[in-house]
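Written below as structure tokens is the structure these notes are about.
The values are calculated or read from the model by the stated rules, or taken from the named source; none is laboratory data. This one's a predicted model, so the numbers in the text were calculated from it and none came from an experiment. Backbone-built Cβ (ideal geometry, glycine too); neighbour counts: all protein chains shown. The protein model used for the area step is the full one, side chains on, heavy atoms only, and it has no ligands, DNA or RNA in it. Shrake-Rupley method; radii C 1.70, N 1.55, O 1.52, S 1.80 Å.
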Amino acid sequence: VSMLEDGIYARADYLKTHRATTVAFLRASIMGWRDVVKDPVAAANIVLGYDTTGQMKAAHQLYMAKEVAKLVWWGPAKTKGIGYMDPAAFSRTATLSLKYGVIKKAPTGAFDQSYWNEAIKGLTGLPM
């Protein structure tokens, strides 16, 4: 059984009053993940640059960047773009979450791809 696991979630009341912030956040996230997919070495080096403890290891950060890139760049992302949520996958996840008590009631109005649609406008490199 396939369920969506990771995602960006927000309350509807916040989204209604902070559309520009939401779109900017999504756009920055998509651009960042696009850059990780395109250049995991550079991504690992950026992370290492923020390590003030000296505990991080370059090999591990590179491994993590490559592994996360696989999760970001799969399925619908390859044809629709990074961050695209398949409506059927959302519906299946909501149904299973309700069935197994993860949520108490079915979500209404929770799926809104318009923020993503706005965030990807004009982005290039990898399917967007």
Segment 1-49, residues that are modelled with pLDDT of 95 or more and among the aromatic types (Phe, Trp, Tyr): PHE25
Filter result (within 20 Å of THR22 (Cβ to Cβ), open to solvent by 40 Å² or more (accessible area, probe 1.4 Å) and of a type in the set (Phe, Trp, Tyr)) within segment 72-125: TYR84, PHE90, PHE111
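Would you tally the residues in segment 74-102 being part of a loop (DSSP other than H, G, I, E, B) and either closer than 12 Å to MET3 by Cβ or under 17 Å from the mean Cα position of the chain (by Cα) (or both)? Lay out the reasoning, then the answer.
Residues of segment 74-102 that are part of a loop (DSSP other than H, G, I, E, B), as a first pass: 74, 79-86, 100-102.
Add one more test, that the residue is either closer than 12 Å to MET3 by Cβ or under 17 Å from the mean Cα position of the chain (by Cα) (or both), and what stays is 74, 79-86, 100, 102.
Residues meeting the conditions: 11.
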Any hit, segment 33-47, residues being touching a Pro at 6+ places or on another chain (Cβ under 7 Å) and surrounded by fewer than 17 Cβ atoms within 10 Å (Cβ to Cβ): no
Subset of segment 48-63 [open to solvent by less than 80 Å² (accessible area, probe 1.4 Å) and either acidic (Asp, Glu) or not in a helix (DSSP H, G or I) (or both)]: ASP51, GLY54, MET56
Condition check for GLU67: acidic (Asp, Glu), within 28 Å of SER2 (Cα to Cα), in contact (Cβ under 8 Å) with a residue 12 or more places away in the chain and not in a loop (DSSP other than H, G, I, E, B): no
Which numbered condition ALA12 fails, given (1) touching a residue at least 24 places away in the same chain (Cβ under 8 Å); (2) surrounded by 13 or more Cβ atoms within 10 Å (Cβ to Cβ): (2)
